[in-house]
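The structure appears below as structure tokens.
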Amino acid sequence: MRPAEHAARRNGSMASKAAMANPDDRPNKRRESGALSEFGGNVVGTWTNFTRFLSDVRAEMRKVVVPSQKEVKVTTTVVIVTVFIFGMFFFVVDWIFNIGIHQLLSKLGGLQ
């Protein structure tokens, strides 16, 4: 078999596999017109989407790792210490700005 024929054959088989794997790309079946048939199609589509969603949720929940009690204590301590440090930093910065603004306003005659 020549390489060009082999490539054409391989591309054809890959395309058919992709078409089989992606049912959304396949042409839709002819539907009968009417409210009942549209309702039934929507219910089936909604149910399919719902079950797909639930299987995705289940797959994601399998990836969740529950931390140990030691990890929770360590991260809680880190958060509390960090909040305290940032609180002190902003307290000092606010105090410095307060002194600066107070002195500036007193020199401009804004404070009496």
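Each value in this text was obtained by applying a stated rule to the coordinates, not by laboratory testing. Model, not experiment: these values are computed from the prediction. Backbone-built Cβ (ideal geometry, glycine too); neighbour counts: all protein chains shown.
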From the P(r) of the stretch 67-112, can you give the percent of Cα pairs sitting at distances over 17 Å?
57 percent
Quick one: if the Förster radius is 35 Å, what FRET efficiency do V74 and K107 give, using the C-beta to C-beta distance and rounding to 0.05?
0.10
